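Engineer: Have a look at the structure that comes next, please.
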Amino acid sequence: MTEQSNMSASKSAAHILKRVLMVPPKHFTVEYAINPWMGGVVDKQKAQQQWDSLKGAIEKAGVQVLTMDQTQGLPDQVFVCNSGLVYDNKVYLSRFRHKERTGEQPLYLEWFKKNGITTIGEGYEEIFEGGGDAVFSDRKTLWAGYGERSSKSVYERIKALGSFDIVLCDMVLPNFYHLDTCFAPVDETTSLYYPPAFSDATNKEILRRLPNSIAVSEAEANAFVCNAITIRDTVISPIGVSQNTKSALSARGKQVEEVDMSEFMKSGGACQCLVLRLL
Ligand code: ARG
C-alpha cells in the first residue's frame, strides 16, 4: 500500500467501507408500534423496489452487498443495522429493548458465526441496538448514542471490540430514538446532524470533533435526512435534502443521491437502518 492510499484509508470509516449486509423485505410489514413513527400499510411491491434502488446505489458507490433472508413473523428484521456493531471482523451483538425484535437475535448470531465474524456480547444484559445507536466516524472514534434504545453502560463492554474513543451521545427527543435518526458521519471533519435531538454537551462535542458538521432543518430531520450512509464521495439519503445542505455537502466534495424510502419510514427507518456495515 502506498503512503497516499494508507493515509486515505485511515481517514474515515466511510472511506474504507467495503462490504455491507442487507435483508430483502420479503416479510416486511408494520404490525406493532415500538417507535413514534410506526403506522400505516406497507405497499410490499414498492418496498421491494425502494430496497432494490438502495442496494443499487450502494453497489454503484463501490461496496459489495451481502444478503440474509428475512424470517416470517419478524417484520423489522429488514433493519439489519440493529443486529450489532462490527469492528475488525468482530461483532458486539445487540440485545433489543422490545420483545417484538428479540427473535431476530439468534438469527444474526448464526449469520455472524457462519460468516466467520467473531461474536462478543452474547448473554450480557445491557440493552444495545447495534449500528442504530453506535457508528464510527473513523477507526479511532465511536459515536455512542443512548437513551431510548441502548443503555449507557453497554459501552463499557463495547471497549472489548478494540481501541478507540467512545463519544457518549445524550439523545433527548423521543422521535429521534436511535442515533442514526439524527446523526450521520460524512467524512473526517463532517457529520449531518439535527441539534435539537441532542443535549448541549453532546452538540458541543459534535462540533469539537467534527467542526464542519452540517445542521439539518426540522423538515429535513423529519424526512430522515440524517439516516444517510456515506460511501466515499456519495451521501445516500432519503428524499428531502435541502439546497442548503446539498451546497454544504458539495463544498466538502460530496454529492447526494436521494432514494425514496417512504415504505420503510412507515416503520421509522430509512437508508442507514437497512444496512449493516461490515468494516
Ligand atoms: N421499526 C424499527 C424499530 O423500531 C425501526 C428500526 C430502525 N433502525 C434504525 N437503525 N434506526 O426498531
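Engineer: Going through 175, 212 one at a time, which residue ends up being touching a Phe, Trp or Tyr at 6+ places or on another chain (Cβ under 9 Å) and either of a type in the set (Asp, Glu) or more than 18 Å from residue 58 (Cα to Cα) (or both)?
Structural biologist: Answer to the check: 175.
Engineer: Criterion first (within 20 Å of residue 201 (Cα to Cα) and surrounded by fewer than 20 Cβ atoms within 10 Å (Cβ to Cβ)) does residue 172 satisfy it?
Structural biologist: When the stated conditions are applied, residue 172 passes them.
Engineer: Which of the residues that make up segment 261-278 are surrounded by 24 or more Cβ atoms within 10 Å (Cβ to Cβ), assigned to a helix (DSSP H, G or I) and of a type in the set (S, T, N, Q)?
Structural biologist: Result: 272, single match.
Engineer: Restricting attention to segment 90-102, does a residue exist that is touching a helix residue (DSSP H, G or I) at 6+ places or on another chain (Cβ under 8 Å), within 15 Å of the ligand (Cβ to nearest atom), part of a helix (DSSP H, G or I) and closer than 29 Å to residue 169 by Cβ?
Structural biologist: Looking for residues that are touching a helix residue (DSSP H, G or I) at 6+ places or on another chain (Cβ under 8 Å), within 15 Å of the ligand (Cβ to nearest atom), part of a helix (DSSP H, G or I) and closer than 29 Å to residue 169 by Cβ, one finds at least one in segment 90-102, hence yes.
Engineer: Within segment 171-260, considering only strands (runs of 3 or more DSSP E) that don't extend past its boundaries, which have at least 1 residues that are of a type in the set (Gly, Ala, Ser) and within 18 Å of the chain's Cα centre (by Cα)?
Structural biologist: Strands (runs of 3 or more DSSP E) meeting the threshold: 183-187, 190-193, 234-238.
Engineer: Residue check: is residue 218 modelled with pLDDT under 95 and in contact with a helix residue (DSSP H, G or I) (Cβ under 8 Å, 6 or more places away or on another chain)?
Structural biologist: no
Engineer: Please pick out the residue among 227, 203, 222, 244 that is over 27 Å from residue 140 (Cβ atoms) and surrounded by 15 or more Cβ atoms within 10 Å (Cβ to Cβ).
Structural biologist: Of the residues listed, the single one that is over 27 Å from residue 140 (Cβ atoms) and surrounded by 15 or more Cβ atoms within 10 Å (Cβ to Cβ) is 222.
The values are calculated or read from the model by the stated rules, or taken from the named source; none is laboratory data. Every value quoted in this text rests on a predicted model; they were computed, and no experiment measured them. All Cβ positions, glycine included, derive from the backbone under ideal geometry; neighbour counts span all protein chains shown.
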